[in-house]
Structures are given as C-alpha cells and as structure tokens.
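Quick note: the coordinates plus some simple rules give every number you see, no bench work behind them. Bear in mind the structure is a predicted one, so any value in this text is a computation, not a measurement. No Cβ is skipped: glycine too gets one built from the backbone with ideal geometry, and neighbour counts run over all protein chains shown.
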Amino acid sequence: MSALHPLLSPDPEVVVLNLKQRYTGVSATINALVPLQAQQWRLGFCGTRMSNGIDGMTLGQAMALSRKPPKGRAFRIWHVRRDPEMMAAIFARDVLRLPIKLVFTSAAQHLHGRFPRWLISKMDAVISTTPLAASFVPNSTAVVPHGIDLSRFAPPPDKLKAWADSGLPGQYGIGVFGRVRPDKGSDVFVDAMIEALPHLPGATAVIAGLAQPQHQAYQQALIDKIAQAGLSERIVFLGEVPAGEVHRWYQRCLLCVACPRYEPFGLTPFEAAATGCALVCSRTGAFEQLVLPGVNGELVDTGDAPGLATAVRLVLADLPAAVLRGQAAQARVSQLFSLSKEAEGIGQVYQQLFDQGAPR
C-alpha cells in the first residue's frame, strides 16, 4: 500500500470497503462520500484506488488493523455494500472474532436471493437507499437516499448556451448516461429519439456510456438502426466518458433522459438535475422521488419508447420552460439529495452503533 492519504486515519473508527475492481455506480458513491466522511469520522478505506486519488489498504491489512479496537471505541465499524464484502466482513467478525460491527447499504428494489438475505441478516445495521428497498430488507435500520456533490455537479452559467461547448451540431442536447445494454434501456432511448428528433430540429442526442464486450453487437445494432433513420449525426455515441468529465456533459445537456427497465436507485438523473437539466425518467429506481411531473420533468413507463418520445417533445416544446424545469430539478436535488445529507444520515447509523456499546 502506498503512503496513507492525508484524509485517512492511521487508527480509523470506520473502515469503508470497496473491493470491486471495475468502477461502478457504487464506486462513484463511495468516491464522493469518503472525502466528506473523512472530515466527520476517523476514516479508513479498504479496496481499489478511487478516481479521487485515494488508495485503499488491502483486505488483509484491514483485518490486521482491526485485531484491536480503535482508540476511544469498543470496536470499529466496517461499511460494506456488496455480497463479497459482507462475506469477508462476517468472516472477520465471527470467525476471526475481530472487534468490529458491520453496516451494509442495500439498494435493490426486489427480494434478495436466499444467500444474500442470509448475509444481510448478519449485519449489525442496514441502510436502505429508498423506502421500497427497505421493504425488502426486514432488518433495515434507516432509509438514507444517495446524495450528490453539489460543488461538482453545478449548473453552467447559461444552460441554453452550454451546448456550444460540446463540439456537436444542434442548439441543445438530450443526454442519456450509463452503460449501453438492454436493462439500461439504450434501445428504448434510441427508438424514442428516432421518433422525436424529426420534430425537434435544434436537438442532438448523446449516449454517454461504455458497451462492454458482451453488448457490442447490441450497440452496433442500434448504430445501424440510427443510420437507417438518417440520424447518425444527431444521435451520437460518446463511449465511456471519464468520471472526471461526466459533469461537463450534464452541464451541456438541456434534458437528461433515464429510461432503464430496472434500476436499484439510479444516480445519473440526480447528478444531471444538480446541473440544471430537465428530466424524463422511467418509473423505476428512485426516480419517482426526484421527478415531479409538470414541474421538473416527466415520468414514463419502463420500456415505453413512444411514451418517452412524447414526453421528450413535451418538455422541449418550449425551451425557456425547459430551462425552468431544470432549475426546479436543481432545487429539488439541493433540498433533498445532497451529499452532505447522505453523509449525515449514514453518520447517524454509525453513532447509533457506537452508542450501543461493545460488539456481540
């Protein structure tokens, strides 16, 4: 492990785990939260180096560190977010008998499988990201929605002029963000854009996200369909946008579309809203907590490309009104879904565990 990052503690009371190698939405959440949490707690980080430059200790190092409780505490808290992390943490607590307590964040909006349910039942506290997610977890301790870093995801000076910075044609942008694959509804977005763009002469649509090898043929079929519709210059695949650049594409777009067929939470429209994007989202994830139809965007059923096209046209029929919707979306995120609010909610769960005393 490289030298300890100055934000991290050599004797942490809380250790955040992120063992997955690939950068995912969970990774993005941890990446944003750790610097803020490190100002509130003596914090340690275990796992893959984050895009913010913070290196993590190995799992073995976290276990060695946790053989003794931290100064002033009866135990350390390990905060985990994935099944393999729960497995490792349960082994550390129950087999190695380390003085730790375990916190798990649950986002899934469906009944977990039998083995994940067993793992979750062994947690000392469970944080659910939505009320629906909490309904599938009998031992949910608190509901704490994901939060957005409002200093990074902020509106541009002029939303109607921001598209000029994209280097793409058109007067304004419609963006969809995330992996290119069926469950994300990439085909739904393409079909809706093929229907809507002939009625929106100033619009260019961008698809910002990676198609993994198993989805390359799926993406190519979408590219071919776009070409057959004569819209190759107006529906553009950007590929994977570096994590540090995503906020600039949100700022450039006037409208953000999120149309997955299923989503546990779905951060992208929340991030886009923080930059002043109007929204059109499918009814999944936490989108119904974010979108107020007729105020900051519109909601459509999952998989409904014609409905999505209609909603996009409705929002963009009046561009100044679309800007006002984006401002309303930004205000809602600022009020209810800030990163500081998420850190506060998580911190309350940590404090409850510490207040309960020694580990079982």
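Counting alpha carbon pairs within less than 8 Å and at least 6 residues apart, what relative contact order, in whole percent, applies to the chain?
Over the chain, the number comes to 16 percent.
To make sure I understand the rule: partners must be lysines, Cα under 20 Å from the Cα of K71, and not fewer than 8 residues away in the same chain. Which ones qualify?
Within the straight-line cut-off, K71 pairs with K101.
Count charges around V26 for me, please; just the other residues with Cβ under 11 Å from its Cβ, Lys/Arg as +1, Asp/Glu as -1.
+3
Taking square-rooted eigenvalues a ≥ b ≥ c of the alpha carbon gyration tensor, is segment 162-336 rounded, prolate or oblate, where a/c under 1.5 means rounded and, failing that, a/b exceeding b/c means prolate?
rounded
Given the -39500 (n - 2.57) contribution per DSSP H run of 4+ residues, what per-residue ellipticity at 222 nm results for the chain, rounded to the nearest 500 deg cm²/dmol? Mind dumping the intermediate values first?
Details: 13 runs with 131 residues, N = 360.
Computed mean residue ellipticity for the chain: -10500 deg cm²/dmol.
Taking the Cα centre of each part, how many Å lie between segment 90-164 and segment 173-204?
When both Cα centres are located, 29 Å separates them.
Measuring from centroid to centroid over Cα atoms, what is the spacing of segment 13-70 and segment 289-349 in Å?
After rounding, the separation between the Cα centres reads 31 Å.
Mean separation of Cα pairs under 8 Å and 6+ residues apart, divided by the residue count of segment 162-336: what relative contact order is that in percent?
Taking the mean separation of contacting Cα pairs over the length of segment 162-336, I get 24 percent.
Between H110 and S232, take the C-beta separation as r, use R0 = 41 Å, and let me know the FRET efficiency to the nearest 0.05.
With R0 = 41 Å, the Cβ-Cβ based efficiency is 0.65.
Applying 1/(1 + (r/R0)^6) with R0 = 30 Å to the Cβ-Cβ distance of R67 and W118, what FRET efficiency is obtained, to the nearest 0.05?
Using R0 = 30 Å, I get an efficiency of 0.70.
Which whole-Hz couplings ³J(HN,Hα) result when phi for each residue of segment 128-144 is put into the Karplus expression 6.51 cos²θ - 1.76 cosθ + 1.60, θ = phi - 60°, listed in order with x for Gly and Pro?
Result, rounded to whole Hz: 9, 8, 9, x, 5, 4, 5, 5, 9, 10, x, 9, 5, 8, 7, 9, 10.
Among residues other than S140 whose Cβ falls under 13 Å from its Cβ, what is the net charge (Lys/Arg +1, Asp/Glu -1)?
Working: positive: R117; negative: D124.
Combined, the nearby Lys, Arg, Asp and Glu give 0.
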